[in-house]
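Enquirer: Please read through the structure below; I'll follow up with questions.
No value in this document is a laboratory result; all are computed from the given coordinates. All of these numbers come straight from a predicted model, not from anything done at the bench. With ideal geometry, Cβ positions are generated from the backbone for all residues, glycine too; neighbour counts draw on all protein chains shown.
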Amino acid sequence: MSEQQSWHGTTILSVRKGNEVVVAGDGQVSLGQTVIKGNARKVRRIGQKGDIIVGFAGATADAFTLLERLEAKLDRHPGQTMRACVELAKDWRTDRYLRKLEAMMAVADRDISLVLTGQGDVLEPEDGIIAIGSGGNYALSAARALMDQDMTAEEIARKAMKIAGEICVYTNGSVTLEKIEDAK
């Protein structure tokens, strides 16, 4: 891989509406102008009961490293998603090795949705929508426009991901979606 070519591709969208929260991710992974894989799984359930959904954008190995670290924090702080995320963000910001990881995470449980970044950010969206990755701004705009429609969180996420896939060349229509139905 030349220095000019880099891995691209990911759109992760989380929508919280009514009693449901969903996290959706596209499946495309691109290297330069070439689609390497069309059905990557960038959304996962974690936690002891599988009650937390995580979507990740960025370098795959970096994202999996952070996912493993988050799972360890959740084991240490069961039922405390916010605390586990803050602890991970502290480590990510201060640890010399982790600081070099290039990824972002969207994390949702029945109570809260968060964005985690390598700058130590743990952000809760005001409107219940999180979007990260190369097509994130397209998905975010579409989801915001659809929020006042008579649609479920899942319907909004699927439609917004379809729109993002039609606009962003690094996003495709192969969507993985996980849902929590008893969300607050």
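Enquirer: State the extension gain, in nm to one decimal, for the chain segment bounded by LYS49 and ARG83, taking 0.36 nm per residue of separation less the distance between their alpha-carbons.
Expert: The LYS49-ARG83 span can extend by a further 10.5 nm.
Enquirer: Let me ask something else. Give a residue-ordered list of calculated ³J(HN,Hα) values for region 77-87 (Karplus: 6.51 cos²θ - 1.76 cosθ + 1.60, θ = phi - 60°; whole Hz; x for Gly, Pro).
Expert: In residue order, the calculated couplings are 10, x, x, 10, 4, 4, 4, 4, 5, 5, 4 Hz.
Enquirer: Take TYR97 and ALA72, extend 7 Å from each Cα along the Cα→Cβ direction, and tell me the distance between the two endpoints in nm.
Expert: 0.8
Enquirer: Of all GluC sites (Glu not before Pro) in region 1-90, which ones are in loop regions per DSSP and have a Cβ with at most 16 other Cβ atoms within 10 Å?
Expert: Filter output for region 1-90: GLU3.
Enquirer: Can you give the relative contact order of the chain as a percent, counting alpha carbon pairs under 8 Å and 6+ residues apart? Mind showing how you got there, number by number?
Expert: On the way: 438 pairs, mean separation 62.0, N = 184.
Across the chain, relative contact order equals 34 percent.
Enquirer: Need one number: nm distance between label points at GLU181 and THR60, each 7 Å from Cα along Cα→Cβ, rounded to one decimal.
Expert: Modelled inter-label distance: 3.3 nm.
Enquirer: In terms of the Cα gyration tensor, with a ≥ b ≥ c the square roots of its eigenvalues, is region 73-173 rounded because a/c is under 1.5, prolate because a/b exceeds b/c, or oblate?
Expert: Verdict is oblate for region 73-173.
Enquirer: So what are region 7-177's ellipsoid semi-axes, whole angstrom, largest first, if each one is the square root of 5 times an eigenvalue of the alpha-carbon gyration tensor?
Expert: With the √(5λ) rule applied to region 7-177, the semi-axes are 24, 20, 13 Å.
Enquirer: Based on Cα positions only, what radius of gyration and what Dmax would you give for region 94-150, in angstroms?
Expert: 13.5, 47
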